[in-house]
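Novice: Take a look at this one; I'll ask things after.
Values in this text are rule-based calculations from the coordinates and carry no lab data. In this text the structure is predicted, and so the values were computed from the model without any measurement. Quick reminder, even Gly has a Cβ in these numbers, built from the backbone with ideal geometry, and neighbours come from all protein chains shown.
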């Protein structure tokens, strides 16, 4: 198995970073092995990256879970503790809808929040790759690749305007 290596390139603008990403893709570096770090949030579209969003599916699953809990809470309670009042049916639909709606929204919100924390790797207690110049407006392109591609990776980053290409150290944040 080939040994992996990590390089970081520091760029001053978004366009050279996007061009470097395209160059790295042409070398065969996978999208999962490239990471952009910046002090300013740039959209994936600006950098020419595919939009990877798992939030909708996780949120839908959370909403369905909340819906099932709401149904179980309203109808299960009325089934376990039946009280006949004035010839009315056991389940009053209008009042049950409120509880079902609230449980659905609670499941949606909790699952979205937890997936956001998971996606952001929060809380992170391990040292991470980082460079202090990112706070000064630089855009860092972090690339994890096969060690045999090092000269080509350095060349692509330098050709597209990287100020500095180096092997970063893990630092506690």
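Novice: Can you give the angle from 0 to 90° between the axis of helix 150-159 and the longest principal axis of the chain, with both taken from C-alpha atoms, to the nearest 10?
Specialist: Taking Cα atoms only, the helix is inclined about 90 degrees.
Novice: Helix 93-119 sits at what angle to the longest principal axis of the chain, using alpha carbons and giving 0 to 90 degrees rounded to 10?
Specialist: On a 0 to 90 degree scale, this one is about 20.
Novice: Oh, and also: If I model a spin label at residue 83 and residue 163 as a point 7 Å from the Cα along the Cα→Cβ vector, what separation in nanometres do I get?
Specialist: Modelled inter-label distance: 7.0 nm.
Novice: Using 0.36 nm per residue of separation minus the Cα-Cα distance, give me the extension gain between residue 99 and residue 15 in nm, one decimal. Don't skip to the end; give the middle numbers.
Specialist: Values: separation 84, 0.36 × 84 = 30.24 nm, distance 5.01 nm.
Between residue 99 and residue 15, full extension yields an extra 25.2 nm.
Novice: Oh, and also: Given bins 10 angstrom wide, list per bin the percent of all Cα-Cα distances in region 55-119, short to long.
Specialist: With a bin width of 10 Å, the distribution comes to 23, 39, 22, 12, 4, 0.
Novice: Using the per-residue mean of other Cβ atoms lying within 10 Å as a proxy for protection, in what order, highest first, do the peptides 75-86, 16-27, 105-116 fall? Don't jump to the answer; show the numbers that get you there.
Specialist: Working: 75-86: 9.6, 16-27: 18.8, 105-116: 16.0.
Ranked from most to least packed, the peptides come out as 16-27, 105-116, 75-86.
Novice: If R₀ is 35 angstrom, what is the calculated FRET efficiency for the pair residue 171 and residue 150, using the beta carbon separation as r and rounding to 0.05?
Specialist: Working: r = 22 Å, r/R0 = 0.63.
Between residue 171 and residue 150 the formula returns 0.95.
Novice: Follow-up. Consider the candidate values (i) 169; (ii) 121; (iii) 112; state which one is volume of the Cα convex hull per residue in Å³ computed from the structure displayed.
Specialist: Of the labelled values, this structure produces (i).
Novice: Based on DSSP H runs of at least 4 residues, each adding -39500 (n - 2.57), what is the mean residue ellipticity at 222 nm of the chain after dividing by all its residues, to the nearest 500 deg cm²/dmol?
Specialist: When only DSSP H runs of four or more count, the value is -13500 deg cm²/dmol.
Novice: Using a 7 Å offset from Cα along Cα-Cβ at residue 135, what residues in region 8-41 end up with backbone N under 16 Å from the label point?
Specialist: 38-40
Novice: If you take the beta carbon distance between residue 92 and residue 64 as r and set R0 to 30 Å, what does 1/(1 + (r/R0)^6) give as a FRET efficiency, to the nearest 0.05?
Specialist: 0.80
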